[in-house]
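Engineer: One structure, as structure tokens, below. Some questions next.
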Amino acid sequence: MKGLWKKVIPFVMAALFVLSAVETARAGITDTSGNSVIKQTSISRGKIGRSMNVTFSIYNDSGDAWEDVTARIVNWVGFWEDPTTTEYDIFPFEAETEKHVGTISANSHKSVSIPAKVRADIQEGYYWAEIELRSSSGTICSERVNIYVSAPTANDTEDSEDVNKQITFTLGEGQATPYGVYPNVLNFSVNMRNSGLSDARDVTVELVLSAKSEEFPFDINDGSYDRYFETVAAGETVQLPYSMAVREDTYSGYYEIKVNIYYRETATGDLKKQEDSFWVRIKNKEHEEEKENQSANENNRTYARIVVDSFETVPETIIAGEPFQLVLRMKNASSDIPATNILLDLESESASTGGGAVFTTLSGSSSYVINSLKPEEVSELRLDMQATAGIDQRTYYLKIKETYDSPEYKNAKAETSINIPVRQVARLNTGTIEVMPSDITVGAESNIMFPINNTGKVLLYNVTVSFEADSIVPTDTYVGNIKPGETGNVDVMLAGAAATMDDGKVKILITYEDENGEVQDPVEKELTLMVTEPFEENYEDVFAGQDFDMPQEEPSFIQRYLKYLIAAAAVVAVILVVSLVVIRRKRKTKKELEELEGSDDEIS
């Protein structure tokens, strides 16, 4: 027997050594220094046989946005029980899992956490996981990350941490803190995400109410503030909408609103409960002790300095009236002082007309919270905003008021600002186009007159009008600068170059420059002008060879004897005159004789 053991023991020891070598080869940290897209700031940790989150960041340095991104933990080993495989690495999870990431903007990064269940048949140690990134355009990359798994202890249960739960809910993720001001009504929604591994059914979110203003800052108006969902899928985010008026007796500050979330893991399973909370900020009256703290000597305490490290807008050019995204990077500029509970209030410059804010947030809230910033750490905020439509084209400031805590200073206050340029779209139109005359011949001219009205908010520089058509001589006329609300007049002569062969349309191109001297796309109009060939006739050619001898007509009686009739009429006239003279003389002589005879009678 002893001889047999002497023969067997060496083989057993050799086998154990080989198995130990194989298992050692299966575990270990892979070199991720060459990763260009997927990067880890710390190694994700989990428990054998339990669920864990594989956390990393995706960096998009491509210059183009990645749409509809999905991150997937892929099984690069395949069937690891296959004895013929030459791959000694182990896929440490029970199954492949993936996470929808969404859009990753150009030159930005996004943190991702993929839930996965660790295999129960592996040993404690380091392993690596292959992460495949795909977008709507195809595969982006496939790079590795490291994980570390350890054996669960007696105190570890499946529900000891939220990340190990099959169903768990996260409140307020990716949104600003709701901000209410007395006596207004606060309308807000709270994001609730099922961050577990399974779908939740028969979900009811119960708001924990309180009659004490220091615990619940809103008036209780509705009979029930419960929100019900038939199913909330794993990874799905739903909205919890609320509308409540701020109480008169509340103080300014942050309030923790507690909720009870009831759910079932299956349609007929037991009802389970999760207690959670979210925060709201209220603006009302101040506590007396806060006023005293604010007036204390600030020089005796040190606190962090929060500054704007950089910012950008998407798109880069902001048009008044259109939405944009403000990417704001806040930095703790202190070298050794941390900052916590950082509240950022955005205060926009007021518009010169109307008095309203130039910039407004699409969410309706202008307050944002950063949990903490380590010394020299930078945190990025992405804010969806819009510039007011009717403002002038210029640069406006956005003030950032900061309230935060440092180890030696509570409620430190500071403010900074950024300047954001806003552009207006140039607008113009034309009045009635007068064409006098509307029909000309080749070589003749027509007078064209019409007004150009600047209906926009920006000055139109070096306005020029061009006329183009096959039937006219191409003509340009300079109008000059046109201020907003004013009119420039066009008065130009167009000369006919050729007979019109179409419908007589003449193209009008109105061009102008912006404040940077760049020529903008022309505004196109048209007018109608008909051009014809001139009508010229050579009468000598027309009547050449024609006989112009007119036929002689027979003269009339009057034409033939006119001179004789005139002479006869003269003789008759003379006879009549002589006859009248003789008659008058006879009458006069007779009268004189009668008077003489009468005188003789009287004498006798």
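Every read-out reported here was derived from the displayed coordinates using simple, explicitly stated rules and does not represent laboratory data. The structure displayed is predicted, hence computed values, not measured ones. As a convention, Cβ positions derive from the backbone with ideal geometry for all residues, glycine included, and neighbour counts pool all protein chains shown.
Engineer: Within the set Lys457/Lys507; Lys399/Lys483; Lys374/Lys413; Lys47/Lys117; Lys110/Lys273; Lys110/Lys331, which residue pairs have Cα atoms separated by over 20 Å?
Structural biologist: Values: Lys457/Lys507 27 Å; Lys399/Lys483 31 Å; Lys374/Lys413 18 Å; Lys47/Lys117 9 Å; Lys110/Lys273 31 Å; Lys110/Lys331 18 Å.
The answer is Lys457/Lys507; Lys399/Lys483; Lys110/Lys273.
Engineer: Which ordering of Met530, Met192 is given by a fewest-first count of other beta-carbon atoms within 10 Å?
Structural biologist: Met530, Met192
Engineer: Can I ask one more? Would you please give the residues with an amide H less than 5 Å from that of Thr475, counting only those at least 5 places away or on a separate chain, with H modeled from the backbone geometry?
Structural biologist: Answer set, sorted by chain and number: Phe467.
Engineer: A further question on this structure: Give the calculated FRET efficiency between Ser224 and Ala245 to the nearest 0.05, with a Förster radius of 22 Å applied to their Cβ-Cβ distance.
Structural biologist: 0.85
Engineer: Considering only DSSP states other than H, G, I, E and B, which GluC sites (Glu not before Pro) in the stretch 195-224 qualify as loop sites with at most 13 other Cβ atoms within 10 Å?
Structural biologist: Qualifying residues, ordered by number: Glu214, Glu215.
Engineer: Return, ordered by residue number, the residues of the stretch 350-381 whose backbone nitrogen is under 17 Å from a label point located 7 Å along Cα→Cβ of Val327.
Structural biologist: 378-381
Engineer: Quick one: compute the contact order of the stretch 298-386, relative version, from alpha carbon pairs under 8 angstrom and 6+ residues apart, as a percent.
Structural biologist: It rounds to 36 percent for the stretch 298-386.
Engineer: What is the fewest-to-most order of Met52, Met449 by other Cβ atoms lying within 10 Å of their Cβ?
Structural biologist: Met449, Met52
Engineer: Using 0.36 nm times the number of residues separating Arg427 and Ser335, minus their current alpha carbon distance, what extension gain do you get?
Structural biologist: Extending this stretch completely gives an extra 28.0 nm.
Engineer: Continuing with this model, one more query. Using the Cα centre of the stretch 349-418 as origin and beta-carbon charges of +1 (Lys, Arg) and -1 (Asp, Glu), tell me which of Ile400, Thr360, Thr416 is placed farthest towards the positive end of the dipole.
Structural biologist: Farthest along the dipole direction, towards plus: Thr360.
Engineer: If you take the beta carbon distance between Asp439 and Thr487 as r and set R0 to 25 Å, what does 1/(1 + (r/R0)^6) give as a FRET efficiency, to the nearest 0.05?
Structural biologist: Calculated value: 0.30.
Engineer: Hey, rough spin-label estimate for Glu515 and Thr268, points 7 angstrom out along Cα→Cβ, what's it come to in nanometres?
Structural biologist: 7.2 nm
Engineer: Lys and Arg at +1, Asp and Glu at -1: add these up for the other residues within a Cβ distance under 10 Å of Ala95 and post the number.
Structural biologist: Summing Lys/Arg as +1 and Asp/Glu as -1 gives 0.
Engineer: With Cβ to Cβ distances under 14 Å as the rule, what net charge do the other residues near Val578 carry (K, R +1; D, E -1)?
Structural biologist: Counting the neighbours of Val578, the net charge comes to +3.
Engineer: Quick one: length gained pulling Ser363 to Arg587 fully straight, 0.36 nm per residue minus the C-alpha distance?
Structural biologist: Working: separation 224, 0.36 × 224 = 80.64 nm, distance 13.47 nm.
Difference between extended and current length: 67.2 nm.
Engineer: If I model a spin label at Ser579 and Glu124 as a point 7 Å from the Cα along the Cα→Cβ vector, what separation in nanometres do I get?
Structural biologist: 17.3 nm
Engineer: Would you mind checking which residues have amide H under 5 Å from Val208's amide H? H placed 1.01 Å from N; only 5 or more apart, or other chain.
Structural biologist: Lys258, Val259, Asn260
Engineer: Moving to a separate point now. Hey, what's the Cα Rg ratio for the stretch 445-529 versus the globular rule of thumb, 2.2 N^0.38 Å?
Structural biologist: In units of the 2.2 N^0.38 Å rule of thumb, it is 1.16.
Engineer: Can I ask one more? Dipole of the stretch 428-532, Cα-centred, from +1 at each Lys and Arg C-beta and -1 at each Asp and Glu C-beta, to the nearest 20 debye?
Structural biologist: 240 debye
Engineer: Apply the Karplus curve 6.51 cos²θ - 1.76 cosθ + 1.60, θ = phi - 60°, to the phi angles in the stretch 418-425 and return the couplings in whole Hz, x for Gly and Pro.
Structural biologist: 3J(HN,Hα) across the stretch 418-425, in whole Hz: 10, 10, 10, x, 10, 10, 10, 7.
Engineer: Binning at 10 Å from 0, report for the stretch 301-422 what percent of all alpha-carbon pair distances ends up in each bin.
Structural biologist: Percent of Cα pairs in each bin: 13, 44, 27, 14, 2.
Engineer: On to the next question. Given H placed 1.01 Å from N in the peptide plane, which residues other than close sequence neighbours of Gly456 have an amide H under 5 Å from its amide H?
Structural biologist: Result for Gly456 returns Arg427, Gly485.
Engineer: Got a sec to turn the phi values of the stretch 59-74 into Karplus ³J(HN,Hα) couplings, 6.51 cos²θ - 1.76 cosθ + 1.60 with θ = phi - 60°, whole Hz, x for Gly and Pro?
Structural biologist: Rounded to whole hertz, the list is 10, 9, 10, 7, x, 10, 6, 9, 9, 6, 7, 10, 9, 10, 7, 9.
Engineer: Modelling each spin label as a point 7 Å along the Cα-to-Cβ direction, I'd like the Trp76/His100 distance in nm, to one decimal.
Structural biologist: Once both label points are built, they end up 2.7 nm from each other.
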